[in-house]
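Take a look at the structure set out below.
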Amino acid sequence: MAFDHSKYIPFEPVRKTNRRWPDQIITRAPQWCAVDLRDGNQALVKPMTVAQKQRMFELLVKLGFREIEIGFPAASQPDFDFCRKLIEENRIPDHVHIQVLTQARPELIARTYEALAGAKRAIVHVYNSTSRVQREQVFGLDRKGIRDIAVEGAEVVKAHAKKHPETEWTFQYSPESFTGTELDFAAEVIDAVNDVWRPDQGRRVVINLPATVEMATPNIFADQIEWICDHVRYREHISISVHTHNDRGCAVAAAELAVMAGADRVEGTLMGNGERTGNMDLVTMAMNLYSQGVDPQLDLSGMAEITDVVEACTEIGTHPRHPYAGELVFTAFSGSHQDAIRKCLARRKDDDKWEVAYLPIDPRDLGRRYEEVVRINSQSGKGGVAYILERDYNISLPRWLQIEFSKVVQREAETGGGEIDSLTIHRLFEERYLKVKPEWELRSYDLHRDNEGVYARVSFGREVDLVNLEGRGLGAVEAVVAALESVRGIRVAVEAYDEFALGEGTNANALACIRLQVDGEPCSAAALAEDTTSATLQALLSAVSQKVSDPATHKLAEEIAISVDQ
């Protein structure tokens, strides 16, 4: 059987009854370390060129990263050369610590220090694998043999640092495949390394706990971190760092819970690039903090630049649904979502706290525009269509017309099978509601109010063939309806009409929308004009024209002309 779950062993949880981390809240950002130029780069089909590495390094500095892992110089000549370039060309700001990785092997550690010669501040990151599987199946060593490798590596790192007192050194140790290592043994190795480095005597030491392969749920990783924090020596003198991978899709959640469990520092990459399914995404975790009112200590406001640089350097596109960074993450196609967003934005004042349905953060904080939020397809409803018209054309529709017009747009989307842009929505509105037939174009009107109501005289049609009508009613609309009904006995019932004054940015000053029953058949129209009365009367004429100009009924304009001539 090819798909057989029984060959897998469930991960054994940590036996822990005194968990404290579930009650913790993250109130400040951890220390960040970006590993795009090492862990991210080694995972690429086509590793970065020197120019791409330089561009990525400059972006990371610009974003505010103070610790940047730049490569594995002892194992890669391009990494060695890039490290030398940064140092010799004085491209590393004083506040930035560069970090380099090396295995716990004396010859590789020596080469690492050659690469770092002349650096002002540097982190030497040494590692060896400690997991049971690698001890037994890769190295063929027992616990003592693995611990001895780590201790020897720590001693060599310390000895080389003494030869270069001009550099401010930080030592970092990772028990690689920590999540597959027995906790008591992981603590034993960490303590042995720290006994060499003696962080209690002033040396800055980072203990990095990598989920080299994500093997369990994030809560179990948090248990592991809390257990280590409780059991290792020198805890108050060291920084506990985590480096999570995304094999189970939970790298960000694991890192967040690890910080709740006591971790001080987080390693990751922009957009989560890395081995297999990727590293922990620094952008997502930092923005998660930001959305909770916590300063991430990084400036991610230029999200477009971030994605552009990452894509150019990794040659990997950004998924349109990537949290915070994807093209569609602030976009609503669903009708109910669009309606809720529109209403929340309409109520919101600039100094209000951010509380907008379906938008966890303000898109403008990341350089995005509200124009990108509501987009229309066949799933969209009245709210989204209305929002587009309001936002782009300053046209506000009454609810009844929102419902009616959204169906017009939906049919268009279903026919085309895709997204409907703003220009298409406006074109559909013009064609369906605003378009005026020449023979029904309002030319002039005259209204007088007396004791019997309103007397109306209107002229419409082509200039060479004007039609004049007169009628009385309680208001202008009723008067013109009476005039239309007086010819050949058509029946016009006004079901709804709405008038709106328009703001700046339009050629017209007023919009009117009207819905009628003409001889029992529904029709609706809208009109833009210099004043609300002109707009209302034109909308009335346009609505009537949709029915009575139909050859299946009768040509009212011709009949009116005959009646007037007689």
Scan the range 123-163 for residues that are within 18 Å of residue 195 (Cβ to Cβ), surrounded by fewer than 19 Cβ atoms within 10 Å (Cβ to Cβ) and among the basic types (Lys, Arg) and jot them down. 143, 144, 158, 162
Restricting attention to the range 315-357, the residues that are in contact with a helix residue (DSSP H, G or I) (Cβ under 7 Å, 6 or more places away or on another chain) and within 28 Å of residue 269 (Cβ to Cβ) number exactly 8
Taking residue 61 and the conditions (1) touching a helix residue (DSSP H, G or I) at 6+ places or on another chain (Cβ under 8 Å); (2) outside any loop (DSSP other than H, G, I, E, B); (3) surrounded by fewer than 22 Cβ atoms within 10 Å (Cβ to Cβ), which numbered condition does it fall short on, given that it satisfies the others? (1)
Tally, over the range 303-338, of residues that are at pLDDT below 90, touching a Gly at 6+ places or on another chain (Cβ under 7 Å) and hydroxyl-bearing (Ser, Thr, Tyr): 1
Please find, among 310, 329, the residue that is closer than 19 Å to residue 300 by Cβ and part of a loop (DSSP other than H, G, I, E, B). 329
Qualifying residue in the range 436-447 (condition: assigned to a loop (DSSP other than H, G, I, E, B), over 54 Å from the mean Cα position of the chain (by Cα) and closer than 16 Å to residue 542 by Cβ): no
Return only the number of the condition from (1) more than 26 Å from the chain's Cα centre (by Cα); (2) within 23 Å of residue 171 (Cα to Cα) that residue 65 does not satisfy. (1)
Residue 120 - would you say it is open to solvent by 70 Å² or more (accessible area, probe 1.4 Å) and touching a residue at least 12 places away in the same chain (Cβ under 8 Å)? yes
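Here's the yes/no breakdown for (1) of a type outside the set (D, E, K, R); (2) under 25 Å from residue 20 (Cβ atoms); (3) free of Cβ contacts under 8 Å to residues at least 24 places away in the same chain; (4) open to solvent by 10 Å² or more (accessible area, probe 1.4 Å):
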position	(1), (2), (3), (4)
185	yes, yes, no, no
188	no, yes, no, yes
193	yes, no, no, no
203	no, no, no, yes
211	yes, yes, no, no
215	yes, yes, no, yes
Applying the selection to the range 329-360, what residues are free of Cβ contacts under 8 Å to residues at least 40 places away in the same chain and under 15 Å from the mean Cα position of the chain (by Cα)? 329, 356, 357, 358, 359
Exactly one of these conditions fails for residue 235: (1) without any contact (Cβ under 8 Å) to a residue 12 or more places away in the chain; (2) basic (Lys, Arg); (3) in contact with a strand residue (DSSP E or B) (Cβ under 7 Å, 6 or more places away or on another chain). Give me its number. (3)
Condition first: open to solvent by 10 Å² or more (accessible area, probe 1.4 Å), charged (D, E, K, R), in contact with a strand residue (DSSP E or B) (Cβ under 8 Å, 6 or more places away or on another chain) and not in a loop (DSSP other than H, G, I, E, B). Can you find one or more residues in the range 82-103 that meet it? no
Number of the exception - residue 74 against (1) touching a Phe, Trp or Tyr at 6+ places or on another chain (Cβ under 8 Å); (2) in a helix (DSSP H, G or I): (2)
Cβ-Cβ under 6 Å, sequence separation 6+ or interchain: first residue in the range 153-179 and at positive phi, partner assigned to a strand (DSSP E or B) and open to solvent by less than 10 Å² (accessible area, probe 1.4 Å). Which pairs? 177/129
State the number of residues belonging to the range 275-308 that are surrounded by fewer than 21 Cβ atoms within 10 Å (Cβ to Cβ), under 14 Å from residue 36 (Cβ atoms) and acidic (Asp, Glu). 1
Scanning the range 485-497 for residues that are closer than 21 Å to residue 527 by Cα and either at pLDDT 90 or above or of a type in the set (Lys, Arg) (or both), the one most open to solvent (accessible area, probe 1.4 Å) turns out to be 495
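The values are calculated or read from the model by the stated rules, or taken from the named source; none is laboratory data. Please read these numbers as outputs of a predicted model, since none were measured by experiment. A quick note on method: Cβ atoms are made from the backbone with ideal geometry, for glycine too, and the neighbour counts reach across all protein chains shown. What goes into the accessible areas is simple: the full protein's heavy atoms, side chains included, and nothing from ligands, DNA or RNA. Shrake-Rupley method; radii C 1.70, N 1.55, O 1.52, S 1.80 Å.
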